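Please read the structure below before turning to the comments.
The values are calculated or read from the model by the stated rules, or taken from the named source; none is laboratory data. Predicted, not measured: the structure shown is a model, and the values here were computed from it. Note: ideal-geometry Cβ built from the backbone for every residue, glycine included; neighbour counts use all protein chains shown.
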Amino acid sequence: MSAREAVEVPPSLAGSYARGFGEEGRAWIARLPVLAAEFLDRWELRRDGAAAAGEASLVLPVLCANGTRAVLRLQMPREETTAALIGLRTWNGDGMVRLLDHDPGSGTMLLERLDASRTLASVEDDDVAMGILAGLQARLVRVPAPPGLRGLGDIAAGMLERVPRAAAALADPADRRLLRGWASAVAELAGEPGDRMLHWDLHYGNVLAARREPWLAIDPEPLAGDPGFDLWPALDSRWDDVVVRNGAVRVVRRRFDLLTEALGLDRARAAGWTLGRLLQNALWDVDDGATALAPSSLTIAKALLSR
């Protein structure tokens with residue numbers, strides 16, 4: 001496949017940008033094939049497979065001039081893109097996909113190529129899978145957050161300001177009480193938000209099989225804060241086919257125990273910050289028009305609060 005072969009933008013990515021960013025997103029998508037061709041030439045890359053796309057990025061498998069297998073990742077520059085670059089440079093491949101090159105102005109990244117066909121969800125034994133994820137997460141959160149990242153303290157303060165309006169949008173009084181309870185848990189912890197570098201989205205789908213190590217994390221959304229705020233994506237992984245099928249409350253508690261032990265966390269603080277993630281998700285859901293709390297959030301809260 002020639003480096004100069006025209007890059008086709010997957011319709012799913014074009015639709016995502018149109019919905020999320022309107023005219024700005026459509027304009028960026030229109031420029032994307034030219035941008036991809038520019039970096040294929042600049043970094044002397046050769047196409048090595050079909051393009052793929054996530055919610056926010058175009059990913060092109062490539063070969064470097066020295067034969068190294070890599071992926072070229074392009075996405076619209078935003079705060080999240082800058083944070084990802086900071087995190088990737090700081091972790092420098094320790095438990096995380098390695099950043100080979102980047103262009104800060106456009107947010108374009110050249111990353112080591114992992115096996116996108118094998119996520120951690122392919123590991124049948126949930127305890128084994130969660131142990132692998134917990135081991136990676138322990139390595140990631142031991143790194144102090146560098147300057148330039150968003151802080152959990154500011155995020156917590158912003159969430160608490162939005163609670164009254166969000167609670168009013170919930171139809172069930174029981175949901176409103178729960179939301180306020182989650183907010184109270186955050187308020188108790190907000191004075192000590194932590195200083196570790198968090199992935200913020202480490203679930204089974206964001207851990208891929210690799211050559212350099214058996215498994216590596218991808219797609220970080222780095223944040224400076226308490227590791228307890230980073231547990232929810234793992235607790236929520238494979239919800240329907242593993243958690244619900246095997247007894248949701250039991251599985252959530254088991255996963256929480258594995259994670260807090262591996263990360264050496266105070267369980268009460270970790271539970272409180274996990275309620276903070278449920279609060280954050282609820283606020284986002286209300287912004288999208290929801291009038292009830294998500295059933296999975298209710299189950300996770302029950303598992304943590306009824307121990």
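Numerical summary
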| quantity | calculated |
| --- | --- |
| Options 84, 27: the member that is among the small types (Gly, Ala, Ser), in contact with a Pro (Cβ under 7 Å, 6 or more places away or on another chain) and either under 24 Å from residue 196 (Cβ atoms) or surrounded by fewer than 19 Cβ atoms within 10 Å (Cβ to Cβ) (or both) | 84 |
| Some residue of segment 11-22 being in contact with a strand residue (DSSP E or B) (Cβ under 6 Å, 6 or more places away or on another chain), surrounded by 16 or more Cβ atoms within 10 Å (Cβ to Cβ) and either within 30 Å of residue 135 (Cα to Cα) or in contact (Cβ under 8 Å) with a residue 12 or more places away in the chain (or both) | yes |
| Subset of segment 91-115 [among the β-branched types (Val, Ile, Thr) and under 17 Å from the mean Cα position of the chain (by Cα)] | 97 |
| Pairs with Cβ under 9 Å, 6+ apart, first in segment 53-73 and crowded, with 21+ Cβ neighbours inside 10 Å, second small (Gly, Ala, Ser) and at pLDDT 95 or above | 58/36; 60/36; 62/70; 72/36 |
| Matching option when the condition is exposed (fewer than 15 other Cβ atoms within 10 Å of the Cβ) and within 21 Å of residue 272 (Cα to Cα), among 161, 124 | 161 |
| Sole residue being at pLDDT 95 or above, surrounded by fewer than 17 Cβ atoms within 10 Å (Cβ to Cβ) and under 16 Å from residue 141 (Cβ atoms), chosen from 225, 264 | 264 |
